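The structure under discussion appears below in the form of structure tokens.
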Amino acid sequence: MIEARGLSKRFQDKKRGEVRAVDNVSFTCQPGKIYGLLGANGAGKTTTLRMLATILEPTDGTAIVYGYDVVDDPEKVRANVGFLSTATALYPRLTAQELVEYFGRLNGLDETTLKKRVDDIFNRLEMNDFRDRRCDKLSTGMKQKTSIARTLVHDPPVMIFDEPTTGLDVMTARTIINFISDCRERGKAIIFSTHIMSEVERLCDSIGIIHDGKLLAEGTVPELRAKYAEHNIEEIIVKVIGPLQSKSEARVS
Amino acid sequence: MNLRNVGIVYRKELTEWLRDKRTLVSTVLVPLLAFPIIMVGMIFLTTVMIGKAEKEKAKVMVLGGEDSPQILEKLQQVSDLQIVPTTNDYKRQISEKEIRAAVDIPKGFDNALSRGEDQTVKIYYYEGEIKSAFGRDHIDKFFKDYRESVVSSRLSARNLPASIIKPFDITQENVAPPEKVSGAAIGGLLGYMVILLSMTGAIYPAIDLTAGEKERGTMETILSSPLARVDLVLGKFFLVLSASLTTAFLSIVSMGTSFYLVGRPGVISDKGAAALQLHIGLSTVLSVFLMALPLAVLFAAALLTIALFAKTYKEAQSYLTPMTFIVVIPAVASLLPGVELNYKLALVPILSTSLVCKEIVAGTFHWNYILLILLASTIYAAAALFIAVKMFQRESVLFRS
């Protein structure tokens, strides 16, 4: 369903020269499963997810999303993906309903299907009270619900979440987590990145630990616990990236 | 390219644009009010000031002439002049606008005149000060009239005809039609204002739809949709173009209405009204609009491309503000006397459009130039649009950090 095949992304930085933001990353995520991508800031998580969502183009390698190649068929990939991150904001001068309808139309829905889909989503997410309110007048929770509605309007089989709960209060974060869990029950293939380990334990069927653009460890939570003899996922991450981190620190000093 | 998607993006951008109060100011209020305020306001002010200065009884000082009661008496009878007592600081008084002018009558003026001797009357005034100029003119006219009457009486005393000093008359007649006159006077201004306002009308939406989106975080949202980048940029481009053309259209309407209202009889003096008579027909307005169209396309595409480089609204503003000067310089150059269309200038964007608009308003249609300018402007516009589409496909521009 989602298959990253040697995904790589290099870019030129004025100070650092050529930077390998993502280096030969491969993993697979099946329908009805959640794959958690974990790592420190700058590890390459966002770049990987942006390549899967075809917002960025890989320098090398590719990924197959719902049968479409991210390099050859980026528009078809996007038509089958719902992408949500803290960076995906809403248009301030559109109402919640107008915004969701806009993305529905861009996804090729006809007006009858669109109306039915929008009514269904607004009922399910309890958004009817603010459907005609402009997005710049919405509370954080309402905004998140509208963002969720945007990703759901075309009912994509693949969902990509890039740190979707960062900076949110407990209640809003809970709405998102429940929504991700709901997506899995509906059989969607889900990639999810986060810094919050409780979310990983609750949601992820398997995880990948990424550092300096490289995928260093992969497996289900029990598998990784057994391999690194650690129960705490945070400790597992430290064990995986620790030696490399020390090396790079040593290089710096 | 998917026209349906371009239309969806355009409608959405239009909805957001119409809900933005800043839009109302930059696209509607500025072009609608710029002309009435700048042009009409200035014209009224000038008319009122000139009228006031003309009606004013100019305070003037007479230096000398104590021994010439005849000329003094005649001077005092001039209704436009008010003679004030003589002091030594007349130059200071003129400079400080206490009096408008002073006239120095040479010693023994009356007697010298009767003896037919040569002498000079000197007028003091302040150059550049309109009321002082009127005072000077009143004195000058008085002395010229007086001189003529002296010449006539001398001729008749010798039984000579008046034609002996004026063997023939000179008259002038204008053959230019009124629209030519107004075209030369303010026609250049019409093209200049349309160009400038179609540029300023495009600046705000161009920033809002690019750097504004980056800053608000909606760029990544839209890029995650299946919309092709070319459709996204075209939807945005058509909105910026609409804003630009709306501003240009409203500026023409505003300018036409202002001149029509001011040029009506009785609103200002007949002399002023005649100068403002704009004989602009609908076909002229449409022609100016047609000439400005490829330029508006060029502005819309170029501004979108430049603003897309910026990460924030402020950064984009700092890039685009100097652009106004780049547009103003060739547009102003077209207003300079002696700058006329030729095949080389027809290839210079902005300047060529401004020059041809001046000619069109003046009723001249040089079709070879018009076609060349349309062709050149369209090529520039297409190139700018092509670059804009390419820029929207570059990650280094979209995700510049």
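The values are calculated or read from the model by the stated rules, or taken from the named source; none is laboratory data. Since we're looking at a predicted model, the values are computed, not measured. Heads up, the Cβs are rebuilt from the backbone with ideal geometry, glycines too, and the neighbour counts pull from every protein chain shown.
Points to keep in mind about this one:
- Selection from the stretch B:218-246 of residues that are at the interface with chain A (Cβ under 10 Å from one of its Cβ atoms), surrounded by 20 or more Cβ atoms within 10 Å (Cβ to Cβ), in contact (Cβ under 8 Å) with a residue 12 or more places away in the chain and under 17 Å from B:V397 (Cα atoms): B:M219, B:L223, B:L232
- Cross-chain or 6+ apart pairs with Cβ under 8 Å, the stretch B:342-357 first and over 22 Å from B:T324 (Cβ atoms), then surrounded by fewer than 18 Cβ atoms within 10 Å (Cβ to Cβ) and among the hydrophobic types (A, V, I, L, M, F, W, C): B:Y343/B:L372; B:A346/B:L372; B:A346/B:A376; B:L347/B:L372; B:L347/B:A376
- Condition check for B:E215: surrounded by fewer than 20 Cβ atoms within 10 Å (Cβ to Cβ), among the acidic types (D, E), more than 30 Å from the chain's Cα centre (by Cα) and not in a loop (DSSP other than H, G, I, E, B): yes
- Residues (assigned to a helix (DSSP H, G or I) and either of a type in the set (V, I, T) or modelled with pLDDT under 90 (or both)) located in the stretch B:389-401: B:V389, B:M391, B:E395, B:S396, B:V397, B:L398
- Candidate set: the stretch B:95-134, residues that are surrounded by 13 or more Cβ atoms within 10 Å (Cβ to Cβ) and among the charged types (D, E, K, R); chosen: the one farthest from the chain's Cα centre (by Cα): B:D110
- Criterion (hydrophobic (A, V, I, L, M, F, W, C) and surrounded by fewer than 21 Cβ atoms within 10 Å (Cβ to Cβ)) met by exactly one of B:F249, B:F259: B:F249
- Helices (runs of 4 or more DSSP H) enclosed by the stretch A:46-145 - at least 1 residues per element that are touching a Ser or Thr at 6+ places or on another chain (Cβ under 7 Å), closer than 21 Å to A:G187 by Cα and not hydrophobic (A, V, I, L, M, F, W, C): A:74-79
- Residues of the stretch A:24-45 include at least one that is more than 28 Å from A:N123 (Cα to Cα), more than 10 Å from chain B (Cβ to nearest Cβ), in a helix (DSSP H, G or I) and out of contact with any helix residue (DSSP H, G or I) (no Cβ under 9 Å at 6 or more places or on another chain).
- Hits in the stretch A:134-143 (condition: touching a helix residue (DSSP H, G or I) at 6+ places or on another chain (Cβ under 7 Å) and more than 13 Å from chain B (Cβ to nearest Cβ)): A:L138, A:T140, A:G141, A:M142
- The stretch B:109-128, residues that are closer than 23 Å to B:P69 by Cα, in contact (Cβ under 8 Å) with a residue 12 or more places away in the chain and in contact with a helix residue (DSSP H, G or I) (Cβ under 9 Å, 6 or more places away or on another chain): B:F109, B:D110, B:L113, B:G116, B:Q119, B:V121, B:I123, B:Y124
- When A:T59 is tested against (1) within 8 Å of chain B (Cβ to nearest Cβ); (2) surrounded by fewer than 20 Cβ atoms within 10 Å (Cβ to Cβ), just one condition goes unmet, and that condition is (1).
- Filtered residues of the stretch A:62-84 (kept if at the interface with another protein chain (Cβ under 8 Å from one of its Cβ atoms) and either among the charged types (D, E, K, R) or in contact with a Phe, Trp or Tyr (Cβ under 7 Å, 6 or more places away or on another chain) (or both)): A:E75, A:K76, A:R78
- Residue match in the stretch A:196-203 (condition: closer than 29 Å to A:P58 by Cα, at pLDDT 90 or above and among the acidic types (D, E)): no
- The condition (being surrounded by 23 or more Cβ atoms within 10 Å (Cβ to Cβ), facing another protein chain (nearest Cβ under 10 Å) and aromatic (F, W, Y)) is satisfied by just one residue among A:F103, A:F11: A:F103.
- Checked against (1) out of contact with any helix residue (DSSP H, G or I) (no Cβ under 8 Å at 6 or more places or on another chain); (2) surrounded by fewer than 19 Cβ atoms within 10 Å (Cβ to Cβ), B:E56 meets all criteria but (1).
- The stretch B:1-50: number of residues that are within 14 Å of chain A (Cβ to nearest Cβ) and among the small types (G, A, S): 1
Here is a yes/no grid of residues against (1) among the acidic types (D, E); (2) surrounded by 20 or more Cβ atoms within 10 Å (Cβ to Cβ):
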residue: B:T312; (1), (2): no, no
residue: B:E340; (1), (2): yes, no
residue: B:T353; (1), (2): no, yes
residue: B:K358; (1), (2): no, yes
residue: B:F365; (1), (2): no, no
residue: B:F392; (1), (2): no, yes
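Residue-wise test of (1) closer than 30 Å to B:I222 by Cβ; (2) at pLDDT 80 or above; (3) in the same structural domain as B:M219 (by TED's automatic domain parsing); (4) loosely packed, with under 13 Cβ neighbours inside 10 Å.
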| site | (1), (2), (3), (4) |
| --- | --- |
| B:G7 | yes, yes, yes, no |
| B:K12 | yes, yes, yes, no |
| B:T15 | yes, yes, yes, no |
| B:L18 | yes, yes, yes, yes |
| B:R22 | yes, yes, yes, yes |
| B:L29 | yes, yes, yes, yes |
| B:L32 | no, yes, yes, no |
| B:G51 | no, no, no, no |
